[in-house]
1. Can you pull out every residue in region 182-205 that is in a helix (DSSP H, G or I), away from the ligand (no atom under 12 Å from the Cβ), touching a strand residue (DSSP E or B) at 6+ places or on another chain (Cβ under 8 Å) and among the aliphatic types (A, V, I, L, M)?
2. Identify, by number, the condition in (1) within 16 Å of the ligand (Cβ to nearest atom); (2) more than 30 Å from ALA226 (Cα to Cα); (3) touching a residue at least 60 places away in the same chain (Cβ under 8 Å) that GLY283 doesn't meet.
3. Given SER117, SER138, SER131, which one is out of contact with any Ser or Thr (no Cβ under 9 Å at 6 or more places or on another chain) and within 16 Å of the ligand (Cβ to nearest atom)?
4. If I ask for residues that are under 19 Å from the mean Cα position of the chain (by Cα), closer than 18 Å to LEU354 by Cβ and either part of a loop (DSSP other than H, G, I, E, B) or not assigned by TED's automatic domain parsing to the domain that holds LEU201 (or both), which ones from region 257-287 would you list?
5. Out of all the residues in region 300-332, which are away from the ligand (no atom under 16 Å from the Cβ) and assigned to a loop (DSSP other than H, G, I, E, B)?
6. How many residues does region 336-364 hold that are over 20 Å from the mean Cα position of the chain (by Cα) and assigned to a loop (DSSP other than H, G, I, E, B)?
7. Quick check on ASN290: is it away from the ligand (no atom under 16 Å from the Cβ), on the phi < 0 side of the Ramachandran plot, in the same structural domain as LEU148 (by TED's automatic domain parsing) and in contact with a Phe, Trp or Tyr (Cβ under 6 Å, 6 or more places away or on another chain)?
8. Counting only residues that are part of a helix (DSSP H, G or I) and either over 16 Å from SER287 (Cα atoms) or polar (S, T, N, Q) (or both), how many does region 213-244 have?
Amino acid sequence: MITDSLTLDIANGINDRSARGIATAIGRMISSGELVIGAQLPTVRQLSRKLGVSPTTVGEAWRSLAEVGAIETLGRNGSFVRQPTGPGGPRRYRQVAADSDHRGHFALDLSTGTPDSSLLPDLRTALARVSSQTLTISYLDHPVLPQLEEALRHRWPFVPEELTVVDGAMDALDRIAQVVVRLGDRVIVEHPTFPPLLDLLEKIGADVIGVEVDAEGMNVEALTAALEQKPTALFLQPRAQNPTGVTMSAQRAQHIANAIVASGHSESITIIEDDHAGDIAVGELNSIGNHLPTRTVHIRSYSKSHGPDLRLAAVGGAGDVISAAANRRLLGPGWSSRILQAVLLELLDDQATLESLSHARAEYARRRQEVVQILSERNVFSTGTDGINLWVRVSDERSALMTLAAQGIGAAPGTPFLVNTHPDSMRLTVGLLGATSDIEATAQAIASAATTSGSGRRGQR
Ligand SMILES: Cc1ncc(COP(=O)(O)O)c(C=O)c1O
């Protein structure tokens, strides 16, 4: 119960009685410790009466405080000062690296999730062609080179309301999540999924729901149940899902879109599709944006195909979300290097680049299939029909990693990819098994490690 004297103390600390003034004054009281974590705030009615303003004004102040995560409103039980979200950081992401727990340096590190640099297109000709151009006239220029935007729109899986270019898919995920997800929001992700996405959502303070992935993509029955919890966002990877290597079928994309519409929340949910594999994926791109173009934000990375240091991804789809992210970015870096955008534009239709991409796709598929074949002969279950990674079922995660480490092979532990319980697993970037690797011997080592039993202790989630 809130006393009159507390309401009076709070009211006395507020000079500007606009909604914004009330919110900033309360924000200052929280930062200074005058209002402690867990403290109950006066009701809208109590404070509005004391300040002589309308309840709508105080309600608006409460809403903006809740939006930035300073307070939480528990309906009739009142509003309370919230525990701020922790410093966050790439906790799970760091655990993925094979040497993160000092298992040592590896002759063959398959934990990285990175493309084979020998399969990336040669950038020299394109770099030489763009170096003399003057590409930026004003800091407020449109962030995307017009010809690049045209080329990207032409390649987009659906007609995007807006399209922009950012510094890679991770930058895109970060910027879109900041627009769409607020503290306490429910958010659906694939299970298992990309650890940095889980770190990012944890940092924002989202309530994450993991939905299992099968050979065709997200399980629709589980998704339907998750949609009942009114999520604000659904994150998925349409191709070469990291870590499972699954590409979503056309039928599954249709069923997922149907489930979203049937849930009655299609107007309040944003679907964020991370096509991180892009041009190295062999599977067809089946976007939810073909069905729900105004609610889908599709991300297309050029890191795996054209090079992680081009650091470029295109983001296109739902206009309200993409405009909000692009406008916010104008208060930061504003745009991604136009020099790099011009390089990408040069590469998109370049014959040598197209041939290099086609070779890379075939080569990644060959390496993956060779490993899968040997694993299946040894009765080791793995998934991965696209991209550079394999998700391998193991008897014991820790023992498997240690067994491989003893042979100089690094693998990513499965635990950082998890939201729910899941059989012990590890992720191996078998796309890195290049000309100098003995694929057969490596696959045999993986199979032996997968069947090594141990203490049953898992890595920390
Ligand atoms: C699912 C997923 N999203 C995003 C990324 C990062 O993409 P980018 O290099 O474009 O930031 C990766 C890289 O492995 C990934 O697997």
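The values are calculated or read from the model by the stated rules, or taken from the named source; none is laboratory data. Only a predicted model underlies this, so the values are computations on that prediction, with no experimental measurement involved. Cβ coordinates were reconstructed from backbone atoms using ideal geometry, including for glycine residues, and neighbour counts include every protein chain displayed.
1. Of everything in region 182-205, just one residue is in a helix (DSSP H, G or I), away from the ligand (no atom under 12 Å from the Cβ), touching a strand residue (DSSP E or B) at 6+ places or on another chain (Cβ under 8 Å) and among the aliphatic types (A, V, I, L, M), namely LEU201.
2. In the conditions (1) within 16 Å of the ligand (Cβ to nearest atom); (2) more than 30 Å from ALA226 (Cα to Cα); (3) touching a residue at least 60 places away in the same chain (Cβ under 8 Å), GLY283 misses (2) alone.
3. SER117
4. Once the filter is applied, which keeps residues that are under 19 Å from the mean Cα position of the chain (by Cα), closer than 18 Å to LEU354 by Cβ and either part of a loop (DSSP other than H, G, I, E, B) or not assigned by TED's automatic domain parsing to the domain that holds LEU201 (or both), region 257-287 yields ALA277, ALA281, LEU285.
5. Within region 300-332, ALA318, LEU330, LEU331, GLY332 qualify.
6. 3
7. It is true that ASN290 is away from the ligand (no atom under 16 Å from the Cβ), on the phi < 0 side of the Ramachandran plot, in the same structural domain as LEU148 (by TED's automatic domain parsing) and in contact with a Phe, Trp or Tyr (Cβ under 6 Å, 6 or more places away or on another chain).
8. Of the residues in region 213-244, 7 are part of a helix (DSSP H, G or I) and either over 16 Å from SER287 (Cα atoms) or polar (S, T, N, Q) (or both).
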